[in-house]
Structures are given as C-alpha cells and as structure tokens.
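Below is one structure, written out as structure tokens; comments come after it.
The values are calculated or read from the model by the stated rules, or taken from the named source; none is laboratory data. It should be emphasised that the depicted structure is a prediction, and the values quoted were computed from it without experimental measurement. Note that each Cβ is placed from the backbone with ideal geometry, even for glycine, and that neighbours are counted across all protein chains shown.
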Amino acid sequence: MDPEVLDRALLAAFDGPRGERRVVVREALDLADAGRWSDTHDGHALTPDVIVHELAEAPAGESLADRWNWWMGSLEIAFGGFEPFVVRAWRAE
C-alpha cells in the first residue's frame, strides 16, 4: 500500500490534521504488513478504498483516529488480534 495514496484518500474523505493522518497511515501500513487483515478476509488486500469505506461507517462526528479505533475495536471483537493496531496517541503538526 502506498502511504501517500492513503494519506490523500484520508484527507479527501475526513480532512483530519496531518499528524493524526500520519499515525493512522502508519497503523494501516503495519496492519497490512502484518497480514492480519488478509488473514481474516479471505486473502483480500487492505487498500485505501477499503480503509476509507470502513472508516466512513464509524459514528458521525468522530475524529479520524477515533474512527480508526472504532474499526479496530470492531475487528478485535469479531476476529481478535487487532488491538495492536489501535491508535494510542498522536502529535499535532
């Protein structure tokens, strides 16, 4: 997954601060590299389109990091093994 493509997709869809987008991009890359998503989704790749779609399902008004954590929490409940990808902190830029 190209981090710049994901960053642009997140900016277009959610318009979060740069530092918040950076940490979500980093967690997404870690998730993709770990293979946890494809392991639980019949080998399907984690793509920027998938991420934007899933984050759009989060409750309205949530920040980008909160949307990400909501999604990771849902995946943790359904499959387990997604807690390591939760955003714990980010620095504003």
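What helices (runs of 4 or more DSSP H) completely inside region 20-93 contain at least 1 residues that are loosely packed, with under 11 Cβ neighbours inside 10 Å?
The qualifying helices (runs of 4 or more DSSP H) are 64-79.
Across region 1-19, which residue is nearest to Ala65 (Cα to Cα) among those that are surrounded by 19 or more Cβ atoms within 10 Å (Cβ to Cβ) and of a type outside the set (A, V, I, L, M)?
Gly16
For Gly35, indicate whether it is farther than 16 Å from Met1 by Cβ, of a type outside the set (A, V, I, L, M, F, W, C) and more than 11 Å from the chain's Cα centre (by Cα).
The answer is no for Gly35.
Would you please name the residue that is farthest from Asp2 (Cα to Cα), looking only at residues in region 50-69 that are acidic (Asp, Glu) and more than 11 Å from the chain's Cα centre (by Cα)?
Glu62
Give the residues of region 2-19 that are over 20 Å from Arg88 (Cα atoms) and either part of a loop (DSSP other than H, G, I, E, B) or modelled with pLDDT under 90 (or both), sorted by residue number.
Matches in region 2-19: Asp2 only.
Could you please tell me which pairs satisfy a Cβ distance under 6 Å, a separation of 6+ or placement on different chains, a first residue in region 6-18 that is at negative phi, and a second residue that is surrounded by fewer than 19 Cβ atoms within 10 Å (Cβ to Cβ) and part of a helix (DSSP H, G or I)?
From residues that are at negative phi, the pairs are Ala9/Val52; Ala13/Val52.
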